[in-house]
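As C-alpha cells, the structure follows; a few thoughts come after it.
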Amino acid sequence: MRKIRILIAKPGLDGHDRGAKVLARSLMDEGFEVIYTGIHQTAEDIIRSAIEEDVDVIGLSILSGAHMYHFRRVLELMKENGLDDVLLIGGGIVPEDDKKKLIEMGVNAIFNPGTSIKEISEFIKNNVRRIK
Amino acid sequence: MNIDEIMSDRKKIAKAISEVENGNTLIATEALRRIRGIDVIGVTGVPGSGKSTLISKIAYKMAKEGKKIAIIGIDPTSPFSGGAVLGDRIRMKELNRFDNVFIRSISTGGKLGGMSYHTPDVINILDAAGFDLIFLETVGTGQDEVDVMNIATTIMVVLVPTLGDEVQVIKAGQLEIGDIFVVNKADQGAADEKIKEMTLILKERKDGWIPKIMKSVAVTNQGIDEIIRALDEHKNFIIEKGIKNKKIMERMLYTIKQYALERIENIMYNENIEKYINQIKDGKDISRIIDEIMLEMGVNYGKGREIYRKVEGMGGEGP
C-alpha cells in the first residue's frame, strides 16, 4: 500500500533548514515518504510540488517571523487548486496569538520547538484525510 | 478515471501515478495499451554524482525550446521503517518556471535493481499522457543496478573523477549499459584520467553504437550542450537502425514481468509471512511449507524432487 506522503518546504528567504532536514529524516523513520524541497520556495513552488507529488500533507518550516504571510498565501493557493484533502501543518517560532489566528485561518496544526516526533507523527496519522 | 481525462492536466497525471503505485492494474494496463513509444532517458550513477543536477540543466534547455518533459526521480525506501526521504526535486528548482515540465519523486519500495515495481507503469502513464521525453533517474547506484536498461531508450551513466581504477572500469555491470558516459564534477580531481581509463571499454556495441564519454560541471552548465547533442545522436541512431521499436517492446514486456514478480513477492512475503512463521512455530515441516508456496506460485515442486533424487552422489531422500 502507498505510504502517507509529506511535503516539507521552507518558504521565503529563511535559510535555516537544519530543523527541516532533521524532521524529514525523523518522519522517514516513522514510515512516511517525505518529499524534501528545501529552502527559498515560493508559495507557487510549494503548491506545484504538492500537486505533482500528490502529497497528503504539506509541512512548512518557518523561523523568519513571516509565518502569517506565507501560510495565508499557501492556504489561498490550496483553495484555488482544490487541495481540500491535503493537511497543512507548520513548525517554527510562532507566538501563541499567531498560532490561534493561523488555526482559525485553516492551518491544521502548528508545532513549536520541543514537540516530539511521535506527537507530529500521531497527529498526521490521525488527521490525514485521504483513505489509503 | 479514464486515460483521456488523465492526460488533460497535471493533477490528474499525479493522481494516476498514485493509483498505479497503489497497485491499480486497470489504469496501469490501460496506459500500457496506449503508449506511443516516446524516448526515455535513463540516468544512473553513484549517489551524489550529480544526476539530478545534470537532468535539471539538460531539461532546462530542452524545456525552453518548448519540449514537454517529464522527470521521475527515484530514491531508496528505508528497510527499517518503510519510509523514505525523496530529495531529487531540490536540485530542480529552476524547472518550476516551466508549465511544460512535470516532476515526480518515487521510492524504490525496497526493491533492488534501482527502481520500484511500478516504475514501468509510471513511465507508461507519462508516455500515454503526451510528453515528448521522459528522464528516469534511478536511485544512487553501485555496480549492479541495471534494470533501467529494460525501460530506457538511451542510458546515461554519470561518473565522478577519482572513484576506482582501470580494474573497476573493466568489470561487468553498470559500465556495460551506458550509451553515454558523463564524468561530472570535472573541475574536481583527475577527470581526464577517468576518461582515459574508460576508453578501455568504449568499443562498438553489438548494435553498432560506440558509447560516448564526455566531461561536465553541471552546476556551472559546462558540457550540457555537448550532452544534449550526444543524446540526440543516440536517439537518431536507434531510429535509423530500427532498434527503437525493440526497446519499446522490451519496456512493455518488462512492465508485465514486474506484475508477475510483485505477485510472487506478495505470496512469499507480504501476505503470508506471518502465517508461515506461525506454522513453523507450531512444528510444521518446513519442506511441506515450501511445497505449498511453490504450488501457490504454480510450480510443481514434486518434479524437482524427483530430479534431485536421480542425481548421482546427492544421496539421501533430498529435500
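Values quoted throughout were computed directly from the atomic coordinates according to the rules given, and no laboratory measurement underlies them. Please read all numbers here as calculations on a predicted model, not as lab measurements. Glycine also receives a Cβ, built like all others from the backbone with ideal geometry; neighbour counts cover every protein chain displayed.
Where nothing but the Cβ of Lys and Arg (+1) and of Asp and Glu (-1) is charged, how large is the charge dipole of the protein assembly as shown around its Cα centre, in debye to the nearest 20? Don't skip to the end; give the middle numbers.
Numbers: 64 positive and 68 negative charges, 83 e Å.
About 400 debye.
In terms of the Cα gyration tensor, with a ≥ b ≥ c the square roots of its eigenvalues, is the stretch B:1-98 rounded because a/c is under 1.5, prolate because a/b exceeds b/c, or oblate?
Verdict is oblate for the stretch B:1-98.
If a/c stays under 1.5 just call it rounded; otherwise compare a/b with b/c (prolate if a/b is bigger, oblate if not). Do that for the protein assembly as shown, with a ≥ b ≥ c from the square roots of the Cα gyration tensor eigenvalues. Walk me through the numbers before you get to the answer.
Values: a/c = 1.76, a/b = 1.18, b/c = 1.49.
Oblate.
Hey, what did chain A get for relative contact order, percent, Cα under 8 Å, at least 6 apart?
27
Magnitude of the Cβ-charge dipole of the stretch B:3-243, K/R +1 and D/E -1, about the Cα centre, nearest 20 debye?
The calculation lands at about 480 debye.
Give the shape of chain A as rounded, prolate or oblate, defined through the alpha-carbon gyration tensor: a ≥ b ≥ c are the square roots of its eigenvalues, a/c under 1.5 means rounded, and otherwise the shape is prolate if a/b is larger than b/c and oblate if not.
Because its axes are fairly even, with a/c under 1.5, chain A counts as rounded.
Obtain the nm distance between the two label points defined at B:ASN22 and B:ASN236 by a simple spin-label model: each point lies 7 Å from its Cα along the Cα-to-C-beta direction.
In this crude label model, B:ASN22 to B:ASN236 measures out at 4.5 nm.
Once you keep just the Cα pairs under 8 angstrom separated by 6 or more residues, what percentage relative contact order results for chain B?
Computed over chain B, the figure is 17 percent.
Rounded to the nearest 0.05, what FRET efficiency do A:ASP97 and B:ASN245 have when you use their Cβ-Cβ distance and R0 = 56 Å?
Efficiency at R0 = 56 Å is approximately 0.30.
Let me check against my output: what whole-number percent is the relative contact order of the stretch B:20-154, with C-alpha pairs under 8 Å and at least 6 apart?
41
Taking the convex hull of the Cα atoms, report for chain B its projected area averaged over all directions, in nm².
20.4
At a Förster radius of 51 Å, what calculated FRET efficiency corresponds to the Cβ-Cβ distance of B:ARG263 and B:ILE201, to the nearest 0.05? Could you put the intermediate results ahead of the total?
Values: r = 37 Å, r/R0 = 0.73.
After rounding, the FRET efficiency stands at 0.85.
Separation between the A:MET1 and A:LYS21 pseudo-spin-labels, each 7 Å from Cα along Cα→Cβ, expressed in nm?
3.3
Specify the angular offset, from 0 to 90 degrees and rounded to the nearest 10, of the alpha carbon long axis of helix B:10-21 from the longest principal axis of the alpha carbons in chain B.
Helix B:10-21 and the main axis of chain B meet at about 30 degrees.
Mind sorting B:THR162, B:THR255, B:THR29, B:THR108 by how few other Cβ atoms lie within 10 Å of their own Cβ, fewest first? Numbers along the way, then the final one.
Numbers: B:THR162 12, B:THR255 23, B:THR29 16, B:THR108 20.
Listing B:THR162, B:THR255, B:THR29, B:THR108 from fewest to most nearby Cβ atoms yields B:THR162, B:THR29, B:THR108, B:THR255.
Positive end of the charge dipole of the protein assembly as shown (Lys, Arg +1 and Asp, Glu -1 on Cβ, about the Cα centre): tell me which of B:THR108, B:ASN24, B:LEU231 has its Cα farthest that way.
Checking the options against the dipole of the protein assembly as shown, the answer is B:LEU231.
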